[in-house]
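Since the structure comes first, as structure tokens, the remarks are kept for the end.
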Amino acid sequence: MFDSGVGGLTVLHECLVALPEEDFIYLGDTGRFPYGPRPIGDIRAFAGQIASHLLSLDVKLLVVACNSATAAALPWLQERLDASIIGAVHPESEAAVQTTQNRKIGVLATEATIASRSYQRALLELDAGLQVVAQSCPELASMIQAGDVSSPEMVAAVKGYANPLKEAEVDTVILGCTHYPLVTPMLQRVFGRDVTLINPAREIARQAGQTLERKGARNAAGREGAYSFLCTGNVEAFVDVGARFLQMPFDDVRGIEIPELERMTVA
Ligand code: DGL
């Protein structure tokens, strides 16, 4: 599993709960976080390097936990690599379409994700009559990562991003960035009780489980799986923030140099 940083730990946590018998290796590209403001070509190149590295470790399923990387690179990776690769966007789009009553769905995500129009395409393929309101939220992931979750700036930013969705009267909102589920209480207060917030992590974990099940690749029930981490930035900082995000033991962590990843290119 990989992500631009620590946000994908929300996905890892759901997978650890849903698939306790499996082993996980999580790569956080903290040295190049955030992906959201970057051009699609850069995100694709990073995703290609990381996917090639993880596949060289002989994994049975690759999960692109990062919404920006999924939007920029998932089909591109799937076309080029001989592996089972799943990601964000489709699983939670399906959940959102199943949930909405008024067929008005909001999406909050990074600039790269919104610009790719991945959510708009995925949602309209499932229900061509939907109204989709997509809102990019520059800086929001970085503010959450910095731990600044209760500052007046943060509250103002969240209200500002939520406004167009509220005005459009959406009844379902996809939290289309790994970090946003971490401010669910604030988002729920801003949107109100009648709006359903969709957390992609849960849907991705479900898809990972179904994929392994159908391929006959699940480990034996009752086994306790292990999990370990790689990161491209400062290891201590990763452990510090990562342990806060995961709220579980966070021991087996190794650094990996960006130049080492850059040698892994996808044709
Ligand atoms: N994992 C990224 C995402 O879901 C977090 C934000 C970023 O890297 O800009 O889009």
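The values are calculated or read from the model by the stated rules, or taken from the named source; none is laboratory data. No experiment lies behind these values; they were computed from the predicted model shown. Note that each Cβ is placed from the backbone with ideal geometry, even for glycine, and that neighbours are counted across all protein chains shown. Just so you know, the surface numbers come from the protein's heavy atoms only, side chains and all, with ligands and any DNA or RNA stripped out. Shrake-Rupley method; radii C 1.70, N 1.55, O 1.52, S 1.80 Å.
Answer with one residue from A122, Q49, V17: the one whose Cα lies farthest towards the positive end of the charge dipole of the chain, charges on Cβ with Lys, Arg +1 and Asp, Glu -1.
A122
State, in angstrom, two size descriptors of region 180-259 derived from its alpha carbons: Rg to one decimal place and Dmax to the nearest whole number.
17.2, 48
Out of all DSSP beta bridges with both ends in the chain, state the antiparallel percent to the nearest 5.
Roughly 0 percent of the beta bridges in the chain run antiparallel, per DSSP.
Under 8 Å for C-alpha pairs, at least 6 residues apart: give me the relative contact order for region 111-267, rounded to a whole percent.
15
Tell me, what is the percent relative contact order of the chain, built from C-alpha pairs under 8 Å that lie six or more residues apart?
With pairs under 8 Å counted, the relative contact order is 30 percent.
In whole Hz, what ³J(HN,Hα) sequence does region 186-203 give by Karplus (6.51, -1.76, 1.60; θ = phi - 60°), x for Gly and Pro?
Values per residue, Gly and Pro as x: 5, 4, 5, 5, 5, 7, x, 5, 7, 9, 8, 9, 9, 9, x, 3, 5, 6 Hz.
Hey, what number do you get for the chain at 222 nm if only DSSP H runs of n ≥ 4 count, each worth -39500 (n - 2.57), divided across all residues, to the nearest 500? If you can, show how the numbers build up before the last one.
Working: 12 runs with 128 residues, N = 267.
Roughly -14500 deg cm²/dmol at 222 nm, from the helical runs in the chain.
Say each of Q98 and S84 gets a label point 7 Å from the Cα, pointing the same way as Cα to Cβ; how far apart are those two points in nm?
1.9
For the chain, what is the charge dipole size about the Cα centre, in debye to the nearest 20, if Lys and Arg each add +1 at the Cβ and Asp and Glu each add -1 at the Cβ?
Rounded to the nearest 20 debye, it is 540 debye.
Quick check: at a probe of 1.4 Å, how many percent of the accessible area of region 117-250 sits on carbon and sulfur atoms? If you can, show how the numbers build up before the last one.
Details: 3230 of 6880 Å².
Roughly 47 percent of what the probe reaches on region 117-250 is carbon or sulfur.
Indicate the gyration tensor shape class of region 1-117 (rounded, prolate or oblate), computed on the Cα atoms with a ≥ b ≥ c the square roots of the eigenvalues: a/c under 1.5 is rounded; otherwise a/b larger than b/c is prolate and the rest oblate.
It comes out oblate by the Cα gyration axes.
Straight-line reach from K159: which lysines have Cα under 21 Å away, leaving out those fewer than 8 places along the same chain?
Within the straight-line cut-off, K159 pairs with K104.
Which one, F250, A156, S142, is farthest towards the positive end of the dipole of the chain when Lys and Arg carry +1 and Asp and Glu -1 on their Cβ?
Of F250, A156, S142, it is A156.
Can you work out the Karplus-derived ³J(HN,Hα) for every residue in region 244-257? Use 6.51 cos²θ - 1.76 cosθ + 1.60 with θ = phi - 60°, whole Hz, and x for glycine or proline.
Whole-Hz 3J(HN,Hα) from phi for region 244-257: 5, 5, 7, 6, 8, x, 9, 9, 7, 10, 10, x, 9, 6.
Relative contact order for region 1-143: what percent, with Cα pairs under 8 Å and sequence separation of 6 or more?
After rounding, I find 23 percent.
Around E262, under 14 Å between beta carbons, what's the net of Lys plus Arg minus Asp minus Glu among the other residues?
Numbers: positive: R32, R44, R263; negative: D29, D42, E257, E260.
After counting each charged neighbour, the total is -1.
Return the whole-Å distance between the Cα centroid of region 221-260 and the Cα centroid of region 98-112.
31
Indicate the gyration tensor shape class of region 60-164 (rounded, prolate or oblate), computed on the Cα atoms with a ≥ b ≥ c the square roots of the eigenvalues: a/c under 1.5 is rounded; otherwise a/b larger than b/c is prolate and the rest oblate.
Oblate is the answer for region 60-164, as a/c is 1.5 or above yet b/c matches or exceeds a/b.
So what are the ³J(HN,Hα) numbers for region 204-221, from phi and the Karplus equation (6.51, -1.76, 1.60; θ = phi - 60°), rounded to whole Hz, Gly and Pro as x?
Calculated HN-Hα couplings, in order: 5, 4, 4, 5, 4, x, 5, 5, 5, 4, 5, 8, x, 10, 6, 5, 5, 4 Hz.
What does the accessible area per residue of the chain come to in Å², with a 1.4 Å probe and no ligands, DNA or RNA counted?
That works out to 45 Å² per residue.
Within region 11-93, what whole-number % of the accessible surface is contributed by carbon and sulfur, with the 1.4 Å probe and all protein chains included in the calculation?
Here it works out to 52 percent.
If the reach is capped at under 28 angstrom between alpha carbons, list the lysines near K60, excluding any in the same chain fewer than eight residues apart.
Hits, sequence-local ones excluded: K215.
Determine the shape class of region 1-63: with a ≥ b ≥ c the square roots of the Cα gyration tensor eigenvalues, call it rounded for a/c under 1.5, and otherwise prolate if a/b is greater than b/c, oblate otherwise.
Oblate shape, in that a/c is at least 1.5 and b/c is the bigger or equal ratio.
Hey, got the dipole for region 186-267? About the Cα centre, +1 on K and R Cβ, -1 on D and E Cβ, debye to the nearest 20?
540
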